[in-house]
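Asks: I have a structure I would like to understand better, so I am pasting it below and will then ask my questions one at a time.
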Amino acid sequence: MRILLKNAHLIDPIQDQVKLGNLSIQDGKISDVSYDNVKIDYKVFDNVIDCSGKYVAPGIVDVGVKICEPGERHKESFRTASLAAAAGGVTTMVTRPDTIPAIDTPEKLEFVKNRANTVSPIKIYPMAALTRERAGLEMTELGFLSDAGAIGFTDCDQVITNNKIMSRSLTYAASLGLLVQGHPQDSTLTAGASATSGKFSSLKGLPAVNPIAEKIGLERDLALVELTGVKYHFDQLSTALSLEPLRRAKSNGMDVTAGVSIHHLTLNEMDIGDYRTFFKIKPPLRSEADRLAMVGAVADGTIDIISSMHTPQDEESKRLPYEEAASGAVGLETILSASLQLFHNGSITLPQLFRALSLNPAKRFNLPVGTLEQGSSADLVLFDPDVPFVLNRFSLNSKSKNTPYDETLMQGKVIKTFVNGREIFGDSSRE
Amino acid sequence: MAFCDRHLLGIEQLEPAAILEILNTADNYVDLNRQTKKNSNILSGLTQINMFFENSTRTQASFELAGKRLGADVMNMAMQASSIKKGETLIDTALTLNAMNPDLIVVRHPQSGAVKLLAEKVNCSVINAGDGLHEHPTQALLDALTIRRAKGRLQRLSIAICGDIAHSRVARSNLILLSKLGNRVRLIGPRTLMPSGISEFGVEVFEDMRSGLNDVDVVMMLRLQRERMDGSFVPSAREYYHRWGLDNKKLLSAKKDVIVMHPGPMNRGVEIDGTLADDINHSVIQDQVEVGVAVRMAIMDLLSRNVSKEIVNGDSL
């Protein structure tokens, strides 16, 4: 099977360029990328797709997706998450282990891998828990889990507060060369909070946490990373306060990277308005100044990765008073359209965007995707950045519809998604 | 009419004219309440349900009396003992009650925003009797009326709110109301009991009582809850009283005709000196309670008029 994507604006995050060209796919791999007006022999292709006016980029690698299997399949399954991912231009999902039960043994990991392989056309790589039951007391069998295919280790939003246990776990992980993902927050400060401290939360009477909790968590983790030499990724940073310590650590040569959720890049605390629970996420939405700082940090490369932090919640867990309502938002299907807001308002270029959406996460998790290089697997997203639409949350493929972008005017839509050269989303994906 | 909403959820949504209309109406009810025969039939045939998800004696009694004096059928529901214990959500509770066709629901709930959530799901009027740390609009309105009756005006006054501002919905509603009407509001208290972002509120903040009370017309004291005086927010009740408790000595900084207010229930000897609380030359604490019933009657009266107007205009509920 040979496919040609012709006349496409090719977004290459490695070359940091967008250039009109042709991309050909053979046997599931990118076989050629040409920018010049070379004569193309169309007859050798089984399918020629005219991409005039459209853009092609490496498929999105979404780190930190929660698929609610095992435990809460009514919120999301591997099948529905994959449909959502395909529709959103996501070709690789790195999943979170904060399921019920947590993925903390090789046997549970095996279940995840089996489910992923049988029902999903999307590439799925699981992370496993760093400590048993994510309880922060005893480390998991990191070696066995790694052998079984875990590509990263994290207790997700459960912070390991005991420094002795944390440093031992990091030391052991470092000795095996494993990547650990942390959630930089001081949990004694975040306990009970559902908003960011300041005028907004004070007037609304919401229990709130100061952004310093993130900086304290970050500094603690950085100290232990320096001590142990472990490869470390911060799942999400959300406040301007965190950027200075992160820059310092990176310039000192520490092997650390950091992510940010698309929600913290596109929304701020004022969006919560009159206690709208779909805007309740973890960490809570921040001030506009923090949001702008995060956007700037993605553009200048301080923040490496943008992810959706896809967290499905059913209607019942959101139809509650704000404090009681569950945290989290779905994001797989909206990550690209939402990210394009940052492109349209001029705060970020398309190559910068796909560096954070595709290239960097693939590099950090050592996955052979995320580029338009010849010979790499043809995981691609074809999109039109200009199409306007109003999002209707009930049109989402996810089982859970808890998106903060409901009824929002968005600009930019995925046209086709390819994994290994196979069209898994688009008008001919059902053939 | 200036006050034309269906619900009273907070002071934030009220225009100054609406606030004054409520106060003017309430003034008449103060007079009615002083007569031997206090009943009216304005709300006769209407059903009022008091849903208190949080303990309350005085506020609930005040709402109950207000409804009864206006002729409504009043039902009190002790929500802590009821179906929420069986796992029913707030919205389901609201829908269940709504099906019984009440005309007015009075709600107090421990979580901010919960009363608004409930109001979105029912067809009748909803009055916020306090939601979490958010608002307590009827308290602010009765405080405003108390001030106006004592001072003869409700503008260009210097008013100090003292104590546990951070955890007080009374402070929030009062702050908003008094600022809207053009008064100068000061907040006084220890830094641990101040809400975050206080510098953006447009009010003066003092940590020292004497300098904060300098030349004020009104002092509003707030209750300090017992669980907050054991070292978690302030070191002890006696240290708090020494620094922030209101006594005659500290009150000397204020204007001579200063009035002292407290939303109750009071901790005598913690936030206020017992003798001062009973001093009829300054304390209007009992007036607040009296005026409270009248203010609640006025609100119910106006809300029921607003609803009947909606029906006449074809705005179906």
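The values are calculated or read from the model by the stated rules, or taken from the named source; none is laboratory data. Just so it is clear, the structure is predicted and the values come from calculations on it, not from any experiment. We place every Cβ from the backbone using ideal geometry, glycine too, and count neighbours over all the protein chains shown. In case anyone asks, the SASA skips ligands and DNA or RNA and just uses the protein heavy atoms, side chains included. Shrake-Rupley method; radii C 1.70, N 1.55, O 1.52, S 1.80 Å.
Asks: Over the alpha-carbon set of the protein assembly as shown, work out the extent along each principal axis and list the three values in angstrom, largest first.
Replies: 100, 62, 46
Asks: Also, I was wondering about something else. If you average 1/r over all unlike Cα pairs in segment A:111-167 and invert the result, what Kirkwood radius do you get in angstrom?
Replies: After inverting the mean inverse Cα-Cα distance, the result is 12.4 Å.
Asks: Okay, helix-only estimate at 222 nm for the protein assembly as shown: each DSSP H run of n ≥ 4 adds -39500 (n - 2.57), divide by all residues, round to 500 deg cm²/dmol; what do you get?
Replies: Taken over the protein assembly as shown, the calculation gives -9500 deg cm²/dmol.
Asks: While we're looking at this one, here's another question. In whole percent, what relative contact order does segment A:65-188 give with Cα contacts below 8 Å and a gap of six or more residues?
Replies: That works out to 22 percent.
Asks: May I ask for the equivalent-ellipsoid semi-axes of chain A, computed as the square root of five times each C-alpha gyration tensor eigenvalue and listed largest first in whole Å?
Replies: Equivalent-ellipsoid dimensions as semi-axes: 34, 24, 21 Å.
Asks: Shifting gears a bit: Using a 10 Å cut-off on Cβ to Cβ distances, tally the other chain neighbours for every residue of A:263-275 and report the average as a whole number.
Replies: The mean count of partner-chain Cβ atoms within 10 Å per residue comes to 1.
Asks: Translational D (Stokes-Einstein, µm²/s) of segment B:36-117 at 37 °C and 0.692 mPa s when Rh comes from the Kirkwood sum over C-alpha pairs?
Replies: In µm²/s, the coefficient rounds to 243.
Asks: Taking the inverse of the average 1/r across all pairs of different Cα atoms in chain B, what Kirkwood radius in Å do you get?
Replies: Hydrodynamic radius (Kirkwood, Cα only) of chain B equals 20.1 Å.
Asks: I've got another one for you. Using Cα atoms only, what is the angle between the long axis of helix A:106-119 and the major principal axis of chain A, expressed in degrees (0 to 90) to the nearest 10?
Replies: 30 degrees
Asks: Taking the Cα atoms only, what angle lies between the long axis of helix B:169-180 and the longest principal axis of chain B, rounded to 10 degrees?
Replies: Computed tilt is about 90 degrees.
Asks: Next up: From the Cα gyration tensor of segment A:128-274, with a ≥ b ≥ c the square roots of its eigenvalues, which class applies: rounded if a/c is under 1.5, or else prolate if a/b is larger than b/c, or else oblate?
Replies: prolate
Asks: Oh, and also: In terms of the ratio Rg/(2.2 N^0.38 Å) built on C-alpha atoms, what value belongs to segment A:272-363?
Replies: Against the empirical 2.2 N^0.38 Å value, I get 1.20 for segment A:272-363.
Asks: Continuing with the same structure: State the percent of C-alpha pairs, over all pairs in segment B:133-246, separated by a distance greater than 23 angstrom.
Replies: 25 percent
Asks: Using only the alpha-carbon atoms, how far is helix B:16-33 inclined from the longest principal axis of chain B? Give it as 0 to 90 degrees, nearest 10.
Replies: Relative to chain B, helix B:16-33 is tipped by roughly 80 degrees.
Asks: What is the average number of partner chain Cβ atoms found within 10 Å of a Cβ in A:195-202?
Replies: For peptide A:195-202, the averaged partner shielding equals 5.
Asks: Tally Lys/Arg at +1 and Asp/Glu at -1 over every other residue whose Cβ is under 11 Å from the Cβ of B:A72; what's the total?
Replies: -2
Asks: Over chain B, what is the relative contact order in percent, taking alpha-carbon pairs closer than 8 angstrom and at least six residues apart?
Replies: This gives 20 percent for chain B.
Asks: Please report the projected area of segment A:315-389's Cα convex hull averaged over all directions, in nm².
Replies: 7.8 nm²
Asks: What share of Cα pairs, in percent, lie more than 17 angstrom apart in segment B:239-302?
Replies: 47 percent
Asks: Calculate the length of the line joining the C-alpha centroid of segment A:122-169 to that of segment B:136-211, in whole Å.
Replies: So the two Cα centres are separated by 50 Å.
Asks: Under a GNM of chain B (C-alpha, springs under 10 Å), which listed residue has the highest mean-square fluctuation: B:K151, B:K249, B:K116?
Replies: Greatest mean-square fluctuation among the candidates belongs to B:K249.
Asks: Using the Karplus curve 6.51 cos²θ - 1.76 cosθ + 1.60 with θ = phi - 60°, what ³J(HN,Hα) values do you get for each residue of segment B:65-74, in whole Hz, with x for Gly and Pro?
Replies: 4, 4, x, 5, 5, 8, x, 7, 7, 10
Asks: Write down, largest first, the equivalent ellipsoid semi-axes of segment B:228-268 in whole Å, where each equals the square root of 5 times an eigenvalue of the alpha-carbon gyration tensor.
Replies: 23, 13, 7
Asks: Starting from the amide H of A:T154, placed 1.01 Å from N in the peptide plane, find each other amide H under 5 Å away whose residue is 5 or more places distant or on another chain.
Replies: Long-range HN contacts for A:T154: A:A128, A:A129, A:L130, A:Q181.
Asks: Can you give the relative contact order of chain A as a percent, counting alpha carbon pairs under 8 Å and 6+ residues apart?
Replies: Averaging sequence separation for qualifying contacts and normalising by length gives 20 percent for chain A.
Asks: Checking the a/c ratio against 1.5 first, then a/b against b/c, what shape does the Cα gyration tensor give for segment B:1-74?
Replies: Because a/c hits 1.5 or more and a/b fails to exceed b/c, segment B:1-74 counts as oblate.
Asks: Running a GNM on chain A with Cα contacts under 10 Å, which residue among A:V18, A:V369, A:V414 ends up with the highest mean-square fluctuation?
Replies: Result for chain A, Cα springs under 10 Å: A:V18 fluctuates most.
Asks: Next question, about the same structure. Viscosity 1.002 mPa s, temperature 20 °C: give me the Stokes-Einstein translational D for segment A:351-427 in µm²/s, with Rh taken as the Kirkwood radius over C-alpha pairs.
Replies: It diffuses with D of about 149 µm²/s by this estimate.
Asks: Per the 1.4 Å probe, what fraction of the accessible area of the protein assembly as shown, in percent, lies on carbon and sulfur atoms?
Replies: Of the solvent-accessible surface of the protein assembly as shown, carbon and sulfur hold 49 percent.
Asks: If we count every other residue with Cβ under 11 angstrom of A:M166's Cβ, Lys/Arg +1 and Asp/Glu -1, where does the sum land?
Replies: Net charge around A:M166: +1.
Asks: What per residue convex hull volume, in Å³, do the alpha-carbon atoms of segment B:188-317 yield?
Replies: 168 Å³
Asks: Let me ask another. Give, as a single signed number, the net charge of other residues whose beta carbon lies under 11 Å from the beta carbon of B:K256, with Lys and Arg counted +1 and Asp and Glu -1.
Replies: Spelling it out: positives minus negatives among the neighbours equals -2.
Asks: In peptide B:108-119, how many Cβ atoms from other protein chains are near each Cβ within 10 Å, on average?
Replies: Other-chain Cβ atoms within 10 Å of each residue's Cβ, averaged: 5.
Asks: For the cross-link pairs A:K75/A:K164; A:K113/A:K416; A:K75/A:K108; A:K164/A:K282; A:K204/B:K38, which exceed 31 Å when the distance is taken from alpha carbon to alpha carbon?
Replies: A:K75/A:K164; A:K204/B:K38
Asks: Most fluctuating residue of A:P245, A:P97, A:P58 in a GNM of chain A with Cα springs under 10 Å: which is it?
Replies: Among A:P245, A:P97, A:P58, the largest mean-square fluctuation in the Gaussian network model of chain A belongs to A:P245.
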